Amino acid sequence: MALHPFQQRLHDLVLAAEVTAPPKPWQPVGRGLIPVGGLQGIGFATDPATGNDLVLVVSVTGHGLFDAVTGEKLERDYDPEEDPDGPDLSCPGLGPVSDVRIPVAGTWGGGLHNRGGGWNVEVASPEWPNHRVLLSNGPWEAGHGKGWWYVFNSVGSTFRAAGFSPSGRTLAVATSSDLTLWRR
């Protein structure tokens, strides 16, 4: 089935773009990439003591809680009582957020926020099965590097989820092998 001319133009724009770092004020968290073998999904919580974003990572070997400002692993549970379930696909939290359930997006479904603080994130797959994560804060007509940025490609790993924390201060991309975080 042929694409509509507008769809074809967007398809061609995305294919022609090169991966680039997100613009200011975005900056990578830690080294930018946190290896997590067998990653299945992620969710966000807020640290009650600091107000910082936290990321819950669900993998085949358990659950981990990461500080989204430093990338530091705060807690680890190798034998969690449950994986995401219920209508909100949530898991029990760990450590400072052990008293809350955290909605998770990934292999079970669900999704993260696609808008935050004037920014948008979209996932495109013009070369399936690879997923491209696109960050924007302006019109697509402005062009790559001006109104939108191609910030991640899932080549070599299976895409799980991408999106913002509820605060809009953290952007996360999760694949089957790693977690990539940026903050503003």
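Only the coordinates and a few stated rules stand behind these numbers; no lab work does. Computed from a predicted structure; not experimentally measured. Reconstructed Cβ throughout: ideal geometry from the backbone, glycine too, with neighbour counts over all protein chains shown.
Some values worked out for this structure:
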{"read-out": "Segment 89-127-segment 147-164 distance, computed between alpha-carbon centres (Å)", "value": "14 Å"}
{"read-out": "Cα-centred dipole magnitude for segment 47-184, charges only on beta-carbon of K, R (+1) and D, E (-1), debye, nearest 20", "value": "720 debye"}
{"read-out": "Cα pair distances of segment 6-127 binned at 5 Å [whole percent]", "value": "2, 9, 17, 19, 19, 14, 9, 6, 3, 1"}
{"read-out": "Within segment 1-100, GluC sites (Glu not before Pro) in DSSP loop having at most 14 other beta-carbon neighbours inside 10 Å", "value": "Glu18, Glu72, Glu81, Glu82"}
{"read-out": "Top of His11, His113, His131 by mean-square fluctuation, Gaussian network on the chain, Cα under 10 Å", "value": "His11"}
{"read-out": "Most mobile listed residue (Gly116, Gly86, Gly37) in the chain, GNM with C-alpha springs under 10 Å", "value": "Gly86"}
{"read-out": "Highest-fluctuation residue, Leu94, Leu13, Leu39 considered, GNM on the chain with Cα pairs under 10 Å", "value": "Leu13"}
{"read-out": "Zone residues, segment 138-182, relative to Thr61, backbone N less than 11 Å from point 7 Å out along Cα-to-Cβ", "value": "none"}
{"read-out": "Using alpha-carbon coordinates, inclination of helix 5-16 to the longest axis of the chain, degrees", "value": "70 degrees"}
{"read-out": "For segment 94-139, alpha-carbon Rg over 2.2 N^0.38 Å", "value": "1.55"}
{"read-out": "3J(HN,Hα) from dihedral phi, segment 177-182, Karplus parametrisation 6.51/-1.76/1.60, rounded to Hz, x for glycine, proline", "value": "10, 6, 10, 10, 10, 10"}
{"read-out": "Whole-number D in µm²/s for segment 43-184 (Stokes-Einstein; Kirkwood sum over Cα pairs; 37 °C, 0.692 mPa s)", "value": "210 µm²/s"}
{"read-out": "Pairwise label distance in nanometres, Trp108 with Phe6, each label 7 Å out on the Cα-Cβ vector", "value": "3.7 nm"}
{"read-out": "Hz values of 3J(HN,Hα) by residue in segment 19-35 - Karplus curve (6.51, -1.76, 1.60), Gly and Pro given as x", "value": "4, 9, 5, x, x, 4, x, 6, 9, x, 8, x, 7, x, 10, 10, x"}
{"read-out": "For Val104, residues with placed amide H under 5 Å, excluding near neighbours", "value": "Ser90, Cys91"}
